[in-house]
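Accompanying notes for the structure given below.
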Amino acid sequence: MRFMMLMIPKGYENAAPDTLPDTKAVSAMMKYNESLRKAGVLLALDGLHPPASGARVSFSSGRARVTDGPFPEAKEVVGGYWLIQVKSRDEAIAWASRCPGSDTEVIEIRQVHEMADFSDEIRAEVAQYPELTRLS
């Protein structure tokens, strides 16, 4: 089972475009990331620039509309993520619980859909694009 662990740092929605974490926080996080790697559960990870340097694309009546960041209506934003592969939701929660997060950070855990989750009809549709299909 694959899970996305989404880091949601409170206040990041208002961070300046050039905001970076401090060295001490990065050091602690890298040790945590290394423990994920050594355990063989880490598939991918990245930190994200603040929303102030991003954009949102919304859709209405088939037309795209671009809004540059920051996004005043945002209450929570993703600051980074890990993609892990573990045996259960409980194991994903256990890994997230080991993160050296601060009092202002929350990790949301979401299971990634696998092809087996879908109907035969949907799997047949997806099979038309083998270069885009992730086999796991």
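Rolling a 1.4 Å probe over the protein heavy atoms of the chain, with every protein chain left in place, gives an accessible area that is 55 percent carbon and sulfur. Spin-label model, Leu20/Glu121: points 7 Å from Cα along the beta carbon direction are separated by 5.1 nm.
The trypsin sites (Lys or Arg not before Pro) found in segment 45-136 that occupy coil by DSSP, while having at most 14 further C-beta atoms within 10 Å, are Lys75, Lys87, Arg98, Arg134.
Considering only GluC sites (Glu not before Pro) in DSSP loops that have at most 14 other Cβ atoms within 10 Å, the longest stretch of the chain without any of them is 1-72. Residues in segment 63-136 average 76 Å² of solvent-accessible surface per residue, probe 1.4 Å, ligands and nucleic acids excluded. Of Tyr81, Tyr12, Tyr32, Tyr129, the residue with the largest accessible area leads and the full order is Tyr129, Tyr81, Tyr12, Tyr32 (1.4 Å probe).
Helical content of the chain, expressed as a calculated mean residue ellipticity at 222 nm, amounts to -7500 deg cm²/dmol (DSSP H runs of 4 or more residues, -39,500 (n - 2.57) each, divided by residue number, nearest 500).
Taking the Cβ of Ser58 as the centre, find all other residues whose Cβ is under 14 Å away and add up their charges (Lys, Arg: +1; Asp, Glu: -1). Overall, the nearby charge balance is +1.
Which log10 I(q)/I(0) values, to two decimals, does segment 51-126 give at q = 0.17, 0.20, 0.22 Å⁻¹ under the Debye formula with one point per Cα? Log10 of I(q)/I(0), two decimals: -0.98, -1.01, -1.02. Spin-label model, Ser60/Asp103: points 7 Å from Cα along the beta carbon direction are separated by 4.1 nm.
The values are calculated or read from the model by the stated rules, or taken from the named source; none is laboratory data. Note that the structure is a prediction, hence the values are computed from the model and not measured. Every residue, glycine as well, gets a Cβ built from its backbone with ideal geometry; the counts of neighbours run over all protein chains shown. For accessibility, only protein heavy atoms count, side chains too; no ligands or nucleic acids. Shrake-Rupley method; radii C 1.70, N 1.55, O 1.52, S 1.80 Å.
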